[in-house]
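Asker: This is the structure I want to talk about, given as structure tokens.
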Amino acid sequence: MIQSATPNRRRTRRITTMLLPAILVLVVFLGVVGCAAALAWGGPKDITPLASVNEPFQSVDFSDVPPAQHYTARDGTLLAWYAYPPDSTRADTSNRRVVVVHGSSSRARSTHVLAQALAAQGYSVAALDMRGHGESGTRGQAAYIGQLEDDVEDFVRQVPHTGPQTLMGFSAGGGFALRFAGSARQALFDRYVLLSPFIHQEAPTARPDTGGWATIGMPRLVALTLLNRIGITWWNHLSVLQFALDEASRAGLTPRYSYTVAMNFRPHNDYQSDIRNARGTVCIVAGQDDELFYADRFADVFAHAGKPVPVTLVPGVNHMGLTLDTVAVQTVAQACKA
């Protein structure tokens with residue numbers, strides 16, 4: 001004979017049933033409070049300026065930077081770019097254009113020395129102020145993740161070129177070029193040159209805190225990532241990434257990135273898919289003494305993803321030196337021909 005539950009057991013069951021909704025409400029409440037706290041106070045903290053990034057530009061002559069030109073993005077925003085005509089005495093027979101994307105926090109002017117070296121080799125060069133940088137929109141901001149790809153496509157369509165085109169990106173711009181290379185729009189360029197590219201914060205190439213260059217507001221980043229997974233993007237304008245700029249540099253550069261820009265100006269989280277999906281010619285150039293990334297690991301990362309690519313390491317050159325050192329920029333210019 002099966003005995004019925006004792007009165008104490010029945011009472012416990014009723015109490016549990018009655019308390020369960022309250023417990024669920026409490027859990028949801030605590031989750032909401034925690035998320036709100038992360039959004040409000042979980043942003044990036046101040047970081048000590050990194051001399052190896054800030055100081056090299058003090059000796060660069062920017063007096064002959066060409067005047068900014070503009071094109072209109074699909075949302076109506078005017079975005080800036082700089083044209084470097086090819087040296088007519090060394091015109092590249094392929095009539096190739098190189099579209100150059102600067103690094104994190106930066107702007108097209110920072111690639112001036114590199115752009116000059118490319119033009120001297122006979123390439124038509126277009127250096128872009130990516131949205132959220134320089135003269136292109138509100139610094140550190142974009143309207144949605146994916147807008148930067150739209151902007152590059154809009155540039156290619158509005159400023160057409162009759163010959164083949166290379167997308168060249170430096171640092172975070174190199175990561176963005178990889179993102180583009182693995183996307184549905186990859187055919188807009190037949191060649192991708194990645195200059196010491198940021199791959200992912202968990203990739204083997206990543207040094208802690210990007211070698212002291214950036215600090216992440218992890219609580220806010222995690223909260224925004226969870227909200228985005230359920231389609232809530234209202235707070236994507238909040239900053240999650242801060243760079244180690246000195247006071248002299250902050251006025252012209254972008255000290256912080258919103259969640260939108262931080263998630264867009266880089267490869268996708270599944271960076272290996274970006275690598276595998278890239279169909280165009282891809283090559284990497286980095287300084288052997290890069291202090292932001294482990295340059296000697298780029299080859300293994302791409303090989304492990306199933307797409308071995310040529311990697312050139314320039315001896316005696318650090319991260320910023322890759323776009324400023326005379327030997328380095330000549331090496332990069334030669335990579336366009338390989």
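The values are calculated or read from the model by the stated rules, or taken from the named source; none is laboratory data. What you see is a predicted model, and the numbers here were worked out from it, not measured in a lab. Positions of Cβ are generated from backbone atoms using ideal geometry, with glycine treated the same way; all protein chains shown enter the neighbour counts. These area figures cover heavy atoms from the full protein model, side chains too; ligands, DNA and RNA do not enter into them. Shrake-Rupley method; radii C 1.70, N 1.55, O 1.52, S 1.80 Å.
Asker: Sort through R97, R107 and tell me the only one that's basic (K, R), open to solvent by less than 70 Å² (accessible area, probe 1.4 Å) and within 18 Å of Q165 (Cα to Cα).
Answerer: On the way: R107 fails: within 18 Å of Q165 (Cα to Cα).
Exactly one residue qualifies, and that residue is R97.
Asker: Of all strands (runs of 3 or more DSSP E) completely enclosed by the stretch 186-251, which ones contain at least 3 residues that are among the aliphatic types (A, V, I, L, M)?
Answerer: Strands (runs of 3 or more DSSP E) meeting the threshold: 191-195.
Asker: Would you confirm, using the coordinates I've provided, whether A338 is under 26 Å from P86 (Cα atoms), surrounded by 21 or more Cβ atoms within 10 Å (Cβ to Cβ) and either at pLDDT below 95 or over 21 Å from the mean Cα position of the chain (by Cα) (or both)? I'd like the intermediate steps shown before the answer.
Answerer: Numbers: under 26 Å from P86 (Cα atoms): yes; surrounded by 21 or more Cβ atoms within 10 Å (Cβ to Cβ): no; either at pLDDT below 95 or over 21 Å from the mean Cα position of the chain (by Cα) (or both): yes.
Considered against the rule, which asks whether it is under 26 Å from P86 (Cα atoms), surrounded by 21 or more Cβ atoms within 10 Å (Cβ to Cβ) and either at pLDDT below 95 or over 21 Å from the mean Cα position of the chain (by Cα) (or both), A338 comes out as no.
Asker: Can you spot a residue in the stretch 286-301 that is farther than 26 Å from R107 by Cα and open to solvent by less than 70 Å² (accessible area, probe 1.4 Å)?
Answerer: Taking the stretch 286-301 and keeping what is farther than 26 Å from R107 by Cα, we get 296-297, 299-301.
Then keep just the ones that are open to solvent by less than 70 Å² (accessible area, probe 1.4 Å); that gives 299, 301.
Yes, because at least one residue in the stretch 286-301 is farther than 26 Å from R107 by Cα and open to solvent by less than 70 Å² (accessible area, probe 1.4 Å).
Asker: Hey, does the stretch 311-321 have a residue that's in a helix (DSSP H, G or I), farther than 23 Å from E202 by Cα and not acidic (D, E)?
Answerer: As a first pass, look at the stretch 311-321 and keep what is in a helix (DSSP H, G or I): 321.
Then keep just the ones that are farther than 23 Å from E202 by Cα; that gives 321.
So of that shortlist, the ones also not acidic (D, E) come out as 321.
Yes; the residues of the stretch 311-321 include at least one that is in a helix (DSSP H, G or I), farther than 23 Å from E202 by Cα and not acidic (D, E).
Asker: Scan the stretch 161-199 for residues that are in contact with a helix residue (DSSP H, G or I) (Cβ under 8 Å, 6 or more places away or on another chain), among the polar types (S, T, N, Q) and closer than 15 Å to Y123 by Cβ and report the count.
Answerer: 1
Asker: Further, regarding this structure: In this structure, does G306 turn out to be closer than 29 Å to Q147 by Cα and among the small types (G, A, S)?
Answerer: Answer is yes for this residue.
Asker: Next question, about the same structure. Got a sec? Which of G140, G146 is surrounded by fewer than 18 Cβ atoms within 10 Å (Cβ to Cβ), at pLDDT 95 or above, over 23 Å from R97 (Cβ atoms) and touching a helix residue (DSSP H, G or I) at 6+ places or on another chain (Cβ under 8 Å)?
Answerer: Working: G140 fails: surrounded by fewer than 18 Cβ atoms within 10 Å (Cβ to Cβ).
It is G146.
Asker: Checking H70 against (1) crowded, with 18+ Cβ neighbours inside 10 Å; (2) at negative phi, which single condition isn't satisfied?
Answerer: (1)
Asker: Further question: Condition first: open to solvent by less than 10 Å² (accessible area, probe 1.4 Å), out of contact with any Lys or Arg (no Cβ under 7 Å at 6 or more places or on another chain) and closer than 17 Å to L114 by Cα. Now tell me which residues in the stretch 151-170 satisfy that. Talk me through it step by step, then tell me what you get.
Answerer: In the first step, residues of the stretch 151-170 are kept if they are open to solvent by less than 10 Å² (accessible area, probe 1.4 Å); the result is 151-152, 155, 166-169.
Remaining after also requiring out of contact with any Lys or Arg (no Cβ under 7 Å at 6 or more places or on another chain): 152, 155, 167-169.
Answer for the stretch 151-170, where residues must be open to solvent by less than 10 Å² (accessible area, probe 1.4 Å), out of contact with any Lys or Arg (no Cβ under 7 Å at 6 or more places or on another chain) and closer than 17 Å to L114 by Cα: L167, M168, G169.
Asker: Pairs only if they're at least six apart or on different chains, beta carbon under 9 angstrom, first in the stretch 312-323 and under 18 Å from Q334 (Cα atoms) and in contact (Cβ under 8 Å) with a residue 40 or more places away in the chain, second open to solvent by 20 Å² or more (accessible area, probe 1.4 Å) and part of a loop (DSSP other than H, G, I, E, B); list them, first residue then second.
Answerer: Partner pairs satisfying both residue conditions: G321/D289.
Asker: If you don't mind, another one. Return the residues of the stretch 212-254 that are among the small types (G, A, S) and buried (at least 18 other Cβ atoms within 10 Å of the Cβ); say none if nothing qualifies.
Answerer: G212, A214, G217, A223, S239, A244, S249
Asker: If the Cβ limit is 8 Å and pairs must be 6+ apart or interchain, which residue in the stretch 262-284 that is open to solvent by 10 Å² or more (accessible area, probe 1.4 Å) pairs with which residue that is hydrophobic (A, V, I, L, M, F, W, C) and modelled with pLDDT under 95?
Answerer: The qualifying pairs are C283/A335; C283/A338.
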